[in-house]
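See below for the structure under consideration.
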């Protein structure tokens, strides 16, 4: 009666060496060096081979459940919590919350597998997306800062739909400023940018879309700041370039950040019961610090390209000078 034995590559190698010992083509010392084992371990393999043939070299743990496997009760408890409180969370964020709030620790990939098997999570491989060639990151912090507004139900059903103004550094992927506002408008962008400049200084350039706050289609050809709005011209006064992207994909860094924020930030505010713009802006600093610790990357060049504001420079002054020029 014949039967098949399933062996791993490692076990097949051991079988070949053990057979060479029995054929007197290798000594036990040579075999121990080849297999990176002690001589006593090689002798045990020889005894197992003599008793059971090649089957004696097969691991006894094969087809047995791992000693580190979680119990069904543990698995079900974790999945029940996710269904109850974190149904729309991805595996990474769900794991963080299980650890932080429930002291339940499970490996990320294990949780991903459980959520996929339970139908809670669909892997990214199954989500078909159009692929765009990513633009390379800039080298230095403050060299290029992407800005964008995301109009969304940030408070879900607890509060009004509003906009989040996002400032993210291109070189590091770090959030540098967040401001919740009723809409994307010049007033709130000016306030957000003023706070940004006071904290970080002047970047070399801001990178935006062609929203009406940033670009005008009715500019004079003789105007050196042709195509820019009141906001853009205020930046011009401060010697900060503004670049308007032609497509959403061109400013992919901030677009992807918006997707992450619409996932993580919405859920963090849900857990904290935040339902107003004022409370959300108060929480933004804490969220930024946590986000950057998790997702920020070091720049290729450690130089900080932000320039300090001069004593006579400020966004309010730049706006006032523009208004005077317009009246004259």
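From 70, 102, which residue is touching a residue at least 40 places away in the same chain (Cβ under 8 Å) and within 30 Å of residue 267 (Cβ to Cβ)?
Working: 102 fails: touching a residue at least 40 places away in the same chain (Cβ under 8 Å).
When all the criteria are applied, what remains is 70.
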Subset tally (residues that are at pLDDT 85 or above and farther than 17 Å from residue 213 by Cβ) for the range 233-251: 1
Scope the range 145-162; condition surrounded by fewer than 21 Cβ atoms within 10 Å (Cβ to Cβ) and either free of Cβ contacts under 8 Å to residues at least 12 places away in the same chain or at negative phi (or both); matching residues: 150, 151, 152, 153, 157, 158, 159, 160, 161, 162
Candidate set from the range 11-27 (those that are assigned to a helix (DSSP H, G or I) and surrounded by 15 or more Cβ atoms within 10 Å (Cβ to Cβ)); member that is modelled with the lowest pLDDT: 11
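Report yes if residue 191 is part of a helix (DSSP H, G or I), assigned by TED's automatic domain parsing to the domain that holds residue 238, under 17 Å from residue 208 (Cα atoms) and without any contact (Cβ under 8 Å) to a residue 60 or more places away in the chain, otherwise no. Walk me through how you get there before you give the answer.
On the way: part of a helix (DSSP H, G or I): yes; assigned by TED's automatic domain parsing to the domain that holds residue 238: yes; under 17 Å from residue 208 (Cα atoms): yes; without any contact (Cβ under 8 Å) to a residue 60 or more places away in the chain: yes.
Taking the combined requirement at face value, the residue satisfies it.
The values are calculated or read from the model by the stated rules, or taken from the named source; none is laboratory data. Since the model is a prediction, treat every value here as computed from it, not as a measurement. Every residue, glycine as well, gets a Cβ built from its backbone with ideal geometry; the counts of neighbours run over all protein chains shown.
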